[in-house]
Amino acid sequence: MSSIVIDNIGELTVDHTSPRTGAALVAEDGRVTWIGAAGRAPAADARIDAGGAAVIPGFVDSHAHLVFAGDRAAEFAARMGGRPYTGGGIMTTVAATRAATDDTLRANARRLVDEARRQGTTTIEIKSGYGLSVADEARSLRIAAELSDETTFLGAHKVPGGDPDDYVALVTGEMLAAAAPHARWIDVFCDKGAFTGEQARTILAAGVKAGLMPRIHANQLQHGPGVQIAVELNAASADHCTHLDDADVDALAGGGTVATLLPGAEFSTRSPYPDARRLLDAGATVALATDCNPGSSYTSSMAFCIAVAVRDMNLTPAEALRAATEGGAAALRRTDIGHLRVGARADLVVLDAPSYLHLAYRPGVPLVKTVLQHGVPL
Ligand code: NIG
Ligand code: FE
């Protein structure tokens, strides 16, 4: 048994209901066991004095591509000079990833997980997708599984050459068999230059048969069938959702699929942002995630995504924080994270600020004082 009390919390965000002022929180064996007034908490083995600062649930980053080698800074610079983003650079990273040793890939992924954690991310999903061969996808997922329980097989990130039908057969056959023991999810990049709706259905169905749960990169570069497929298959999440029509918004609002928005990608590819306001107003569940990857969004900062969502996507700061915590948890079909109600995992962040509002109000400023994961300060 080990317990910890966080006392003198100026503003405690437990969940999407209004934050409490003057609070304390106790965690025992990694779970929240008590919430009440500051100064009234039962004794615990350890104590943190928040000194009037704000406490929020740890961020749940439900979409990240962290297993890769090299970077694409030059591609980014060219894009800022006017080149469009097509996803074609994925193969540059695939070549670097295939050539890297396991240790290099592991060290790079671990560095990114640590970087994210220092910025308040306590759960991070990790996709494969830069191996695109049986051996390279399997090792990517082995490394991912060392760092997170939320691992996603994305062999269908790009056709690496040859006949697309042959590649789909490989992904749904030998590659899936090698990947499935290390993965919880299966994902497909269903878009222009990647996989068609028909291919996406085939791949996701094979993944489900192998015991994985579906999620999908949908409607990032242009309007396509991805969102409709996601809702039909009851996928946990449709990610990007940049180009939606009325039927897509209705489907997301009426179904069990979370709309995961990745503003880092629009920021870093200088693309129009998704219509988050429309999704929320229609009643869809919205998540915010980083899409951390070397091509379209090389940020691990959930606070950055919150700031952009508030400034440029018209979310209120409360909606953005909810999307970055409870929304991310919903996108991973998790109820034990993303909030701090009694019973939740004690994953939380003590901010170096009096209110969560500062996450958007003070963009680019490191506002994380202390991170607790499973009740343990990092
Ligand atoms: O989510 N859209 C597809 N995959 C990534 C980008 C991958 C890359 O450019 O390396 C994304 O944006
Ligand atoms: Fe992505």
- Query: Sorted by packing (mean other beta-carbon atoms within 10 Å per residue), highest first, where do 359-367, 274-282 land?
  - Reply: 274-282, 359-367
- Message: Please report the spacing between the Cα centers of region 1-41 and region 85-146 in Å, no decimals.
- Response: 35 Å
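Quote the relative contact order of region 207-279 in percent (integer), defining contacts as alpha-carbon pairs under 8 Å separated by 6+ residues. Display every interim value, and only then the final one.
Values: 121 pairs, mean separation 19.0, N = 73.
In percent, rounded to a whole number, it is 26.
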- Note on the structure: Percent antiparallel among DSSP beta bridges confined to the chain, rounded to 5, stands at 45 percent
- Item | Tilt relative to the chain, helix 90-99 - C-alpha long axis, 0 to 90 degrees, to 10 | 90 degrees
- Task: Please work out the C-alpha center-to-center distance from region 147-187 to region 239-299 and express it in whole Å.
- Result: 23 Å
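Per DSSP H run of at least 4 residues, take -39500 (n - 2.57); add these up for the chain, divide by its residues and hand me the 222 nm value, nearest 500 deg cm²/dmol.
Working: 15 runs with 128 residues, N = 378.
The per-residue figure over the chain is -9500 deg cm²/dmol.
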- Note on the structure: Taking Cα atoms only, helix 102-118 is inclined relative to the longest principal axis of the chain by an angle, in degrees rounded to 10, of 40 degrees
- Task: Kindly express, to the nearest 10 degrees and within the range 0 to 90, the angle between helix 134-147's C-alpha long axis and the longest C-alpha principal axis of the chain.
- Result: 0 degrees
- Item | Estimated inter-spin distance, ASP246 and ARG110, nm [label 7 Å along Cα→Cβ] | 5.4 nm
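Give me the number: length gained by fully extending ALA77 to ASP336, i.e. 0.36 nm times residue separation minus the C-alpha to C-alpha distance, one decimal in nm.
Numbers: separation 259, 0.36 × 259 = 93.24 nm, distance 4.04 nm.
Gain on extension, ALA77 to ASP336, equals 89.2 nm.
Please list 133-141, 261-269, 312-320 highest first by mean number of surrounding beta-carbon atoms within 10 Å per residue.
Values: 133-141: 22.3, 261-269: 24.7, 312-320: 19.4.
With the highest mean Cβ count within 10 Å placed first, the list reads 261-269, 133-141, 312-320.
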- Subtracting the Cα-Cα distance from 0.36 nm times the residue separation, let me have the gained length for ASP165 to ASP103 in nm, one decimal. 19.0 nm
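Using a simple charge model, +1 on the beta-carbon of Lys and Arg, -1 on the beta-carbon of Asp and Glu, nothing else, what dipole does the chain show about its Cα centre, in debye to the nearest 20?
On the way: 33 positive and 43 negative charges, 129 e Å.
With Lys and Arg at +1 and Asp and Glu at -1, about 620 debye.
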- Proximal lysines to LYS192, defined as alpha-carbon separation beneath 27 angstrom and excluding residues fewer than eight positions away on the same chain: LYS127, LYS158, LYS209
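Each reported figure results from applying straightforward, stated rules to the coordinates on display, with no laboratory input. Since this is a predicted model, take the numbers as computed values, not measurements. Glycine also receives a Cβ, built like all others from the backbone with ideal geometry; neighbour counts cover every protein chain displayed.
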